[in-house]
Structures are given as structure tokens and as C-alpha cells.
2 protein chains.
Amino acid sequence: MKPTDIPTRERIVTAASKLFYSAGIRAVSVDAVAEKAGLTKRTLYYHFASKDELIAAYLDGRDQPNLALFQRWFAEAEGGPAEKVAAIFTNLARAARQPKWKGCGFLRTAAELADMPGHPAIKTGIAHKKRVEGWLRDVLAEAGAASPEVLARQIVLLLDGAFAVVLLNRDASYMETAGAAASTLVKAALSAR
Amino acid sequence: MKPTDIPTRERIVTAASKLFYSAGIRAVSVDAVAEKAGLTKRTLYYHFASKDELIAAYLDGRDQPNLALFQRWFAEAEGGPAEKVAAIFTNLARAARQPKWKGCGFLRTAAELADMPGHPAIKTGIAHKKRVEGWLRDVLAEAGAASPEVLARQIVLLLDGAFAVVLLNRDASYMETAGAAASTLVKAALSAR
DNA sequence: TTGGAAACACTCACTAGTCGGTATACATAG
DNA sequence: CTATGTATACCGACTAGTGAGTGTTTCCAA
């Protein structure tokens, strides 16, 4: 493999990511991933021991970029913390109007693997949500909100609720309603001290 | 079939319901449903044209009982509307601590069938959530809350967020956090007029 | 020439759905 | 009161295809 090439492993994860996100874990075969990556299944199994490992790699690859996006939207928004939090929802609403959008990959995977609580992919999902929640807690504490732990959890609940409801109804306006609710809760927590 | 027997069709739906809810749609084969119902796949296909039809029947059977449960919890709770709404979450938290609990069947099915927006099962899910939202809107309007439409949507968002988050983390305390947030929003809407 | 990376060809279990046929019940015609 | 017809409910055995995962071989760069 020449250094200019995209490493095979990375190509597999990219292909898996697209397919798993768009159709779901169980609906996508390992053969399909291999074909999308432009190689044979046997080569895929040279790089990954099992489909489960591939699923975990798919979600691992989404953790950091997802969080970074939230942080960018928050940082770039005008106004106070309530407006900055609302901006995350506004940006998500815009993303959700794209036809390729299919909700939150972490939550959808957790829903699909609900009968395997110890699955590595679920652990990755938990870690991701914890990182989002922890980051929110920190910025809200810094902004002077009362009980930032509770507030961060409530915002995460609204976020994940919006993911689920918008996916079901295919109506991105729910994302904005969730943003308004989050905004209300942030304002209440700011005036409570 | 004697009148004392449970009708075959009903037995099939009951079996499908248990299996689909516990393991997910795609993880459960038609053979497995037939075996659980105590009959052959051929007989199952005598009563249902396809697996998709069976999936739809599974969710149809959950619509009415689920809503009735919410309504009972609301009606039996002490206190004002904020407390009654919170009671729904408290009762859900209790249910979520049971090991068999696997989140909301409608949302999990929607997540699994995210690439089939027109699927009958998804339509059933949309209708179910609309009924919950509509009922909440009516009782909140009657209680004198400001903008009951928005409030009902926000509560549904918290409900579905809690379903998703509790399922991921296997930590039912998120359900109570969501209840507290819903309570806060209801109180704000009651004092806003 | 050696060892990592890729491929071909395969196994075997399982999956949605189907073909043909059977047991029973209840008609109506002779 | 028998004989035939018809509809319901059921099942064993099958198909054609797909699923995850593997044994073995070939290629190629260092």
C-alpha cells in the first residue's frame, strides 16, 4: 500500500459507516460492505475479526466528529448560553431536512442491539453521549447555570428525543420545538441563582 | 376451532409481539414466530401475507394499551397537572427497571426501518405518537396551560428522549430527570397565563 | 525470499416465501 | 341418509437466495 492511498482499513470503515447509518446494522451484510469498499469479504475479515468489531469501528469513527460539530455550532452562535444551545438544535434541524439524514447512529444502533446490552457498539454509544453531556455540563456551569448536571441531562434528553421523533415523523420542526424547550430550561437555570 | 380457544391469529400476534419487542424486527425470523406460536410457518402465512404485515399487526396491537396505560397513570396520580405528568415518567421508570423492558417498540421499529419511511409499521408508530400528543394537548389545555400544543410536543420529546437514553444507558434514573424537566415546563406554562 | 495484504472459492446455517396436500365442517343435491 | 362440493384451517417439505465466517492460494514490496 502506497502512502498516498487511503488505508484499506479506513476505506472499509467509511463504507461500513455509510451503509450501516443509512440502512441499519442488521440490514447490511458484510458482503455489501466489502463490495462498497471495493474489496472482497475475505480481505475485510483480514482487517476485522467479526462484524461486531466492524460495527464498533463504525461508531468509534463517529464519536469525535459528532461532538466537534456540536461544539462548533455552540461556539459560532450569537447570544447567551440559551441561544447557543438552541443553535445546536437549529443546525440539527437543517441537517435533518436532508434526505440522507437518518437520526442518530448511536441511538439507532442501541435500538437495534437492545437485546445485547454489553455489545461494544453500545458501550461506544454510552461513552459518546456521556461526552456530550459532560461537555454541556461544563459550558453551562461556566455560564453560571444552576445545577448544570441536571440541566445538561435534560438537554441531552431533548436532543435524543428530537432525534427519535424527527426520524419517526420525518418532520424536522420537532427539532426546533426541542430547541425551544432546551432554551426555556437554560434560561430558568440561569435566573435561578 | 372451539370458542374457548384463543384464535390462531391472536396467538401469532402475541408471539410476534414478544419476540419482536425483545430482540428487534430483523433479528427475529418468521420461523421463530411460528414456533413460539406453536404452529408452522405455512399456517402463519395463511393468516398473514408477509412479514411486513406481521410487523404492522404487532405495533397495531400495542397502540391502544400503551395509551391507556399513560392515561391511567395520569388519572390516578395525586396533585396538579405537573405532578400528574411527572407520574407518567415515574411509572415508566419503574417499568424500565424490569430486565425485559427494551424501550419503546414504536421508536425501535422506526429506527430499524429508517430506510423505509412509508412502511405500514412506521405509519402506525406515527399515529400512536400523535394520539399520545393529542391526548396530552387536550388535558393540558383543559388544565389551563399556555400554548398546550407546544407543551404537549415538548413532553412527547422528553418521553421519547427518555426511552432512547434509558435504553442506551440502562439507567432508569434518566426517566425521572425527564419527568422533572416535563414538570418544570408544565409549571411554566401554567403560570404564564 | 519472506511476510503482510489481498483474492478465490467454499461451508453451512438460516431466511422469506411457496407448492401441494390433508383433516374437518358444513353445505346442498340425489 | 348418503354423496358430492366447497371453504376454512392447517402442515411437511421444499426453493432460491443470503448470512457470517474460513481454508487456501497468490501477489507484491522490502
A:ARG26 passes all but one of the listed conditions (1) touching a Gly at 6+ places or on another chain (Cβ under 8 Å); (2) more than 10 Å from DNA strand D (Cβ to nearest atom); the exception is number (2)
Report whether or not A:ARG170 is touching a Pro at 6+ places or on another chain (Cβ under 7 Å) and either of a type in the set (D, E, K, R) or within 11 Å of chain B (Cβ to nearest Cβ) (or both). yes
On the basis of being closer than 30 Å to A:ILE25 by Cβ, in a helix (DSSP H, G or I), within 16 Å of DNA strand D (Cβ to nearest atom) and at pLDDT 95 or above, does B:ALA16 make the cut? yes
Among B:GLY105, B:GLY144, which is the only one that is in the same structural domain as B:VAL186 (by TED's automatic domain parsing), closer than 29 Å to A:GLN98 by Cβ and not aliphatic (A, V, I, L, M)? B:GLY105
Contacts under 9 angstrom Cβ, first residue in the stretch A:133-161 being over 17 Å from B:PHE89 (Cβ atoms), partner hydroxyl-bearing (Ser, Thr, Tyr) and surrounded by fewer than 24 Cβ atoms within 10 Å (Cβ to Cβ), 6 or more apart: A:ALA146/A:SER191
Kindly establish whether B:LYS51 is within 28 Å of A:PHE106 (Cα to Cα) and more than 17 Å from the chain's Cα centre (by Cα). yes
Cβ pairs under 6 Å, 6+ apart, first in the stretch B:39-66 and charged (D, E, K, R), second within 13 Å of DNA strand C (Cβ to nearest atom): B:LYS41/B:VAL30; B:LYS41/B:ASP31; B:LYS41/B:ALA34; B:LYS51/B:VAL30
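Table: residues versus (1) part of a helix (DSSP H, G or I); (2) buried (at least 24 other Cβ atoms within 10 Å of the Cβ).
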position: A:VAL150; (1), (2): yes, no
position: A:ILE155; (1), (2): yes, yes
position: A:VAL165; (1), (2): yes, yes
position: A:ASP171; (1), (2): no, no
position: A:ALA180; (1), (2): yes, no
position: A:LYS187; (1), (2): yes, no
Give the residues of the stretch B:35-81 that are away from DNA strand D (no atom under 16 Å from the Cβ) and within 14 Å of chain A (Cβ to nearest Cβ), sorted by residue number. B:ASP52, B:ILE55, B:LEU59, B:ASP63
Would you check which residues across the stretch A:98-120 are more than 7 Å from chain B (Cβ to nearest Cβ) and either out of contact with any Ser or Thr (no Cβ under 9 Å at 6 or more places or on another chain) or in a loop (DSSP other than H, G, I, E, B) (or both) and list them? A:GLN98, A:PRO99, A:LYS100, A:TRP101, A:CYS104, A:LEU113, A:MET116, A:GLY118, A:HIS119, A:PRO120
Is the stretch A:82-99 home to any residue that is among the aromatic types (Phe, Trp, Tyr), under 30 Å from A:ALA181 (Cα atoms) and within 14 Å of the chain's Cα centre (by Cα)? yes
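The values are calculated or read from the model by the stated rules, or taken from the named source; none is laboratory data. Everything numeric in this text was worked out from a predicted model, so none of it was measured. Cβ atoms come from the backbone with ideal geometry, glycine included; neighbour counts cover every protein chain shown.
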